[in-house]
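K.L.:
Structure below; questions to follow.
Each value in this text was obtained by applying a stated rule to the coordinates, not by laboratory testing. These numbers come from a predicted model, not from an experiment. Heads up, the Cβs are rebuilt from the backbone with ideal geometry, glycines too, and the neighbour counts pull from every protein chain shown.
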Amino acid sequence: MQLLLRLARKHHICLLLALYAAHTLSSCTTEAIYRSDEGAIWATVYHIKYKSPRQMTDSIIMTLRRVEMSVSVFNDSSLVSRLNRAESLAADSILAKVFKGSVTVSRLSHGAFDPTVAPLVELWGFGRNRQIHEAPTEEAIAQALEYVGIAQCSINDEMVITKKHPRTQFNFSAIAKGLACDEVGRMMRRNGITDYMIEIGGEVVLSGHNEQGNKWKLSVDAPITDDKNPSAHYRLAMIDVTDCGIATSGNYRNYHNVGGQTIGHTISPATGHPIDNGCLSATVIAPDCMMADALATSCMAMHPDSAMAMIESLPGVEALIVLPGEPYSVITSQGFPEIHH
C-alpha cells in the first residue's frame, strides 16, 4: 500500500513537472502578433497597436496612471495639482521632464509656449472651468498675467521646482499627452517591443513597422469644424512615417463662443487674450512626441513665418501648417514627408 502511494505521488509530481514544462515551452514560443488596446483617459481616448507575444493592457494602464498622478491638472492628488496649491514637494521624473521640456520650448519660441498661462486658460473657460458666458475683464487678465512666466521658474538638483510667484499655476496639457505617448513607448521597448503605434488624443508615437511591414500610415486631419458631429475627422493628407513623435494643434476642435464671438483655446502669455494669427492648425514631427506636442502648440501661438523659421532651425523636426485659403493653403518645412491624398 505504501509502495502504491509512493508511486502515485511520484506519478503526480511527474505530471505537474510535465505540465509546467509544457506551459513554459508554450510561453517561450508564443508568436508575436499585432495586438490592440484602447480606452479613455483625461477626457480623451487612446488607441495603441503593437507587435508582441502577449497583451500589454495592464502595463499600458499603469504607465498612463503614473503620468496622470504626476502632471494631470484634472486630478487633485497629482504632483502638479499639489504644486499649484503651493505645497512643497520634489518633482518625480515625469514632472521634471515636462517642466524642463517646457522651459526649452518656451525659449525656442521666444515665450510663445508657456504652461504658466494656466490662470488665463481658466479665465477664458478652457481649463476645469468651462462655464463662462462673457469675456473676462481686463483687470482680471492683468492680474493673472502677473503670475505668468515659466522663464522665471526653476528646478534644482533636488528636483524642487521654484515658482515665479506662490500663485503661479502650471497646466502642462499642451505637452503632457505627448509625454504620455513617449512613456508608453519606453515601456514597450523595455519589454522588447519595437513595432508600435501609440495615439493619445491625437498625439502619436511610431516605431518600427506596421502589419504590412511598411512605415506606419498616418492621416493628418483637415481643420474642419463640424458642430453637428464634433468628434468627426476629415482627412487633409496621408503620410508614411516611423520612429518619431507627431502632434497636431488647432483651434478647430477646442473652442467656444463668448459674448457672441468664437474664440480658440490658444492663449497668448504676452497679452492674456486668445490668439488669432490666421493659423488653422499645425502638425509637427519630432524625435519624441513630448517635443512635437509642445512645438505644435508653439506654432499656433506664433506668426506662421516665425513658427516655420523655428522649425527649420531644429534638427530632426518638420512641420505642416494650415492657413486660410480656398478652402485653405498648406506650407511645409523642407524635409516634411511626401503627402498623399
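K.L.:
What's log10 of I(q)/I(0) for the stretch 33-332 at q = 0.10, 0.12, 0.13, 0.14 Å⁻¹, Debye sum over Cα points only, no solvent?
P.N.:
-0.54, -0.79, -0.93, -1.08
K.L.:
Given charges of +1 on the Cβ of Lys and Arg and -1 on the Cβ of Asp and Glu, with all other atoms neutral, how large is the dipole of the stretch 33-332 about its Cα centre, in debye to the nearest 20? The partial results should precede the final answer.
P.N.:
Values: 25 positive and 33 negative charges, 152 e Å.
That gives a dipole near 720 debye.
K.L.:
Taking only C-alpha pairs under 8 Å that are 6+ residues apart, what is the relative contact order of the stretch 33-332 in percent?
P.N.:
17 percent
K.L.:
Considering only the other residues whose Cβ falls under 11 Å of the Cβ of ALA86, what net charge follows from Lys and Arg at +1 and Asp and Glu at -1? The partial results should precede the final answer.
P.N.:
Numbers: positive: ARG82, ARG85, LYS163, ARG167; negative: GLU87.
Summing Lys/Arg as +1 and Asp/Glu as -1 gives +3.
K.L.:
Between LYS217 and GLU146, what is 0.36 nm times their sequence separation minus the Cα-Cα distance? Round to one decimal in nm. Show your work: numbers first, answer last.
P.N.:
Details: separation 71, 0.36 × 71 = 25.56 nm, distance 4.47 nm.
Contour length minus Cα-Cα distance gives 21.1 nm.
K.L.:
Another question, then. Order these peptides, 198-206, 158-166, by their mean beta-carbon neighbour count within 10 angstrom, highest first. Intermediate results must be reported in sequence, preceding the final value.
P.N.:
Values: 198-206: 24.1, 158-166: 13.4.
Most protected by this proxy first, the peptides run 198-206, 158-166.
K.L.:
Using a Förster distance of 45 Å, how high is the FRET efficiency between THR104 and THR30, based on the Cβ-Cβ distance and rounded to 0.05? Walk me through the intermediate numbers first.
P.N.:
Working: r = 42 Å, r/R0 = 0.93.
The calculated FRET efficiency here is 0.60.
K.L.:
Can you compute the modelled spin-label distance between ALA40 and LYS164, with each label point 7 Å from Cα toward Cβ, in nm?
P.N.:
3.6 nm
K.L.:
Here is a follow-up. Once you put a point 7 Å from the Cα of THR332 and another 7 Å from the Cα of ARG190, both along the Cβ direction, what distance in nm separates them?
P.N.:
Calculated label separation equals 3.6 nm.
K.L.:
While we're here: Sort HIS110, HIS265, HIS273, HIS341 by Cβ crowding within 10 Å, fewest neighbours at the top.
P.N.:
So the ranking, lowest neighbour count to highest, is HIS341, HIS110, HIS273, HIS265.
K.L.:
Rounded to a whole number of µm²/s, how large is the Stokes-Einstein D of the stretch 273-341 at 4 °C and 1.567 mPa s, given Rh as the Kirkwood radius over C-alpha pairs? Display every interim value, and only then the final one.
P.N.:
Values: Rh = 12.2 Å.
The diffusion coefficient I find is 106 µm²/s.
K.L.:
Now, a different point. Tell me, in nm to one decimal, what length is gained between ASP76 and THR271 on full extension, where the rule is 0.36 nm per residue of separation less the Cα-Cα distance?
P.N.:
Details: separation 195, 0.36 × 195 = 70.20 nm, distance 2.85 nm.
Contour length minus the Cα-Cα distance gives 67.3 nm.
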